[in-house]
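Taking it in order: structure first as structure tokens, then the write-up.
The values are calculated or read from the model by the stated rules, or taken from the named source; none is laboratory data. Computed from a prediction, not measured in an experiment: that's the story for all the values here. Quick reminder, even Gly has a Cβ in these numbers, built from the backbone with ideal geometry, and neighbours come from all protein chains shown.
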Amino acid sequence: MFPDCLEIVIQGVTVSGQPFRPSDWAERLCGVMSAFSEDRYLSYSPYLRPIITGGVRCVLVDVKLEEVDPAAFRFLLEFAKDNELKLRPGRKDKRPEEVAGPAA
């Protein structure tokens, strides 16, 4: 889909330019793959998170999800397609903390 990208961004804007509703759609979508930690806090999947970029609510999808859970990855892309949401490529380079590895 987007060669050499580490992420795909599902934008909260339809192909006709209308904002996608409800306004908390990104948090709801990410909540589908969230889990409670041992300390009872809800945390998002490391492969999916809500973001705001350019004033637009979006969902950032790590392309590693396609390997880890192909059905979930397909679900997200179908969600975007069914709701006529725009997709765009995300980062092509790793974040500095991913390159450096865990802190000692």
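Would you pick out the residues in the range 1-51 that are touching a residue at least 40 places away in the same chain (Cβ under 8 Å), more than 27 Å from K92 (Cβ to Cβ) and part of a strand (DSSP E or B)?
none
Return the only residue of P46, P70, P50 being within 13 Å of L6 (Cβ to Cβ), at pLDDT 90 or above and not basic (K, R). Break it down into steps so the answer makes sense when it comes.
Values: P70 fails: within 13 Å of L6 (Cβ to Cβ); P50 fails: within 13 Å of L6 (Cβ to Cβ).
Result of the check over P46, P70, P50: P46.
Which members of the range 29-54 meet the condition of being loosely packed, with under 12 Cβ neighbours inside 10 Å and not aromatic (F, W, Y)?
A35, S37, E38, D39, R40, L42, S43, P46, I52, G54
Are any residues in the range 25-49 of a type in the set (F, W, Y) and on the phi > 0 side of the Ramachandran plot, and if so, which ones?
Step one: of the range 25-49, the residues of a type in the set (F, W, Y) are 25, 36, 41, 44, 47.
Within the range 25-49, none qualify.
Which of the residues spanning the range 15-28 are exposed (fewer than 15 other Cβ atoms within 10 Å of the Cβ) and not acidic (D, E)?
V15, S16, G17, Q18, P19, R21, P22, S23, R28
If L77 satisfies all but one of (1) at pLDDT 95 or above; (2) of a type outside the set (D, E); (3) surrounded by fewer than 15 Cβ atoms within 10 Å (Cβ to Cβ), what's the number of the condition it fails?
L77 satisfies all of (1) at pLDDT 95 or above; (2) of a type outside the set (D, E); (3) surrounded by fewer than 15 Cβ atoms within 10 Å (Cβ to Cβ) except (3).
Under the condition of being closer than 15 Å to R91 by Cα and not acidic (D, E), which residue from the range 55-64 is surrounded by the fewest Cβ atoms within 10 Å (Cβ to Cβ)?
For the range 55-64, the residue satisfying everything is K64.
Return yes when S16 is out of contact with any Phe, Trp or Tyr (no Cβ under 6 Å at 6 or more places or on another chain) and modelled with pLDDT of 95 or more and no when it is not.
yes
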